[in-house]
Amino acid sequence: MADQNEAIHINDEDARAAVSNTGLRYVLGFSLAFAVIAMSLVWIIPALAHAH
């Protein structure tokens with residue numbers, strides 16, 4: 001019978017039941033950069049048009 005106070009060690013991939021994918025990190029980074037640039041353009045272009 002196992003001791004209930006004994007620590008259980010499970011590696012990350014077994015705990016998530018998935019393989020860690022580094023490509024997702026790049027997709028999220030590019031998406032964030034694109035969103036920041038797009039929102040900036042939506043704000044800057046009309047501000048420049050109304051400034052004149």
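Nothing in this text is a laboratory measurement; each read-out follows from the coordinates by a stated rule. Remember, it's a predicted structure, so these values are computed and weren't measured experimentally. Backbone-built Cβ (ideal geometry, glycine too); neighbour counts: all protein chains shown.
A few remarks follow.
- Sorted peptide list for 33-41, 9-17, criterion being average Cβ within 10 angstrom, highest first: 33-41, 9-17
- Relative to the longest principal axis of the Cα atoms of the chain, helix 23-51 runs at roughly 20 degrees.
- Extension gain from Ile44 to Tyr26, taking 0.36 nm per residue of separation minus the Cα-Cα distance: 3.8 nm
- Local net charge near Asn21, Cβ-Cβ under 14 Å (Lys/Arg +1, Asp/Glu -1): 0
- Extent along the principal axes, Cα only, for the chain: 80, 23, 10 Å, with the longest axis given first.
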